[in-house]
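The values are calculated or read from the model by the stated rules, or taken from the named source; none is laboratory data. None of the values given here were measured: they were computed from a predicted structure. Cβ placement follows ideal geometry from the backbone for every residue including glycine, while neighbour counts extend to all protein chains displayed. Just so you know, the surface numbers come from the protein's heavy atoms only, side chains and all, with ligands and any DNA or RNA stripped out. Shrake-Rupley method; radii C 1.70, N 1.55, O 1.52, S 1.80 Å.
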Amino acid sequence: MKRQASGPPHPAFRAFTRALPLTPASVLLLLFLAGPIAYCAYIAFTDLQLTGQAEDSFIGFDNFRTAFGDEAFLNAVWLTLVFTVVSALLGQNTLGLALAALMQRASKPVRTLVGGIVVTAWVLPEVVAGFLLYAFFRREGTLNAVLDWLQLPTQNWLYTLPILAVSFANVWRGTAFSMLVYSAALNEIPKEITEAAEVDGAGGWRRMWHITLPMIRRSIGTNLMLITLQTLSVFGLIWVMTRGGPGGRSQTLPLFMYEEAFQKSMIGYGTAVALLLLVVGSLFSVIYLRLLRTEV
């Protein structure tokens, strides 16, 4: 008697077998990512303090109301936006694209030299990079020495323009990532397309605007999302250079959160600020992801 061939497996069984290899990673994400985030979300609604408190209590949205009524918090929000736009969106993104485009036409020794210099700044630990840029911008630093040699006026850059000084430092340190992303994207563009446009009389700027940028649009969106999230969380670089000063003029949200939570011992309030920073990062991510879905 012949055995009948068994039918295809049930869709639920197929879904289970596909999801089974992801189970260990999902458990680790829930344990070490979602768990701490959920606990921080709970703390943000309490008055938890590091010292001088027997037990914490649930206070609802009081921490958030306090934050939006705090001029120091609003100043930190504004400086975070300035720092992100200047150092990430304009600085790292634009300079990284420019370096990648120029290196496409450079000789191999030049590409090796420039790439090595830029990547070296990227791989330096954040604290080391902060000390280097502090030595560059301080009153007796390298920048003022060069300006004095050129007989140009000098100033204490970390006092007069602290947010621009730390923004430049972040550009110097992080441009390599954008350069590598755009170099890989530009290498994927077929040479036949750019050569045909060049034969048709399109200049360099027209080729960049009408051919190169549309073809690497997805890489631009991905790079913008990654460097924005990284810049929003920069702490060590600014802390080493200015510690958020003078007078809070370079105090971004991570530094404000640290001050409130660990220097003033207001863990609940500091965690509420951290949660707001997480929301800001999530909004940027949603915007970039929606832009990536749009077809050229």
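Considering only T212, T231, T222, give the residue with the highest GNM mean-square fluctuation for the chain, with springs between Cα atoms whenever their separation is below 10 Å.
Among T212, T231, T222, the largest GNM mean-square fluctuation belongs to T212.
Within 10 Å, count the other beta carbons around each residue, average over each peptide in 104-117, 130-143, and list them highest first. Provide the component values of the computation, followed by the final result.
Values: 104-117: 12.0, 130-143: 17.1.
So the order, starting with the most tightly packed, is 130-143, 104-117.
How big, in percent, is the set of alpha carbon pairs in region 14-134 lying more than 20 Å apart?
Details: 5321 of 7260 pairs.
The calculated P(r) of region 14-134 puts 73 percent of pairs beyond 20 Å.
Under 5 Å between amide H atoms, partner at least 5 residues away or on a different chain: which partners does T46 have, H built in plane at 1.01 Å?
So T46 has HN proximity to I59.
Which residues does the label zone of L81 cover in region 239-258, counting backbone N under 14 Å from a point 7 Å along Cα→Cβ?
Counting backbone N atoms under 14 Å from the label point, the list is 253.
Set Lys and Arg Cβ to +1 and Asp and Glu Cβ to -1, take the dipole of the chain about its Cα centre, and tell me which of G35, I267, T80 lies farthest positive.
It is G35, whose Cα lies furthest towards the positive end.
Pop out the ³J(HN,Hα) list for region 36-49 in order, Karplus 6.51 cos²θ - 1.76 cosθ + 1.60 with θ = phi - 60°, rounded to Hz; leave Gly and Pro as x.
x, 5, 5, 5, 5, 4, 5, 4, 4, 9, 10, 9, 4, 10
Using a basic spin-label model with each label point 7 Å from the Cα along Cα→Cβ, how many nm lie between K191 and L28?
Each label point is offset 7 Å from its Cα along the Cβ direction, giving 4.2 nm.
Considering only protein heavy atoms, what per residue accessible area in square angstrom results for the chain with a 1.4 angstrom probe?
In whole numbers, the chain has 62 Å² accessible per residue.
Roughly speaking, what is the stretch gain from L283 to I59, that is 0.36 nm per residue apart minus the C-alpha to C-alpha distance, in nm to one decimal?
Roughly 78.1 nm would be gained on extension.
So what's the gap between the Cα centers of region 40-90 and region 233-280, to the nearest angstrom?
9 Å
Round to a whole angstrom and tell me the spacing of the C-alpha centers of region 172-192 and region 139-167.
Cα centroid to Cα centroid, the span is 31 Å.
With a 10 Å radius around each residue's Cβ, average the other Cβ atoms per peptide and rank 72-80, 235-243, highest first. Please list the in-between numbers first.
Working: 72-80: 18.3, 235-243: 20.2.
Going from most to least packed, we get 235-243, 72-80.
What is the spin-label model distance, in nm, from S233 to E71 if the labels are put 7 Å beyond Cα along the C-beta direction?
Computed distance between label sites S233 and E71 equals 3.3 nm.
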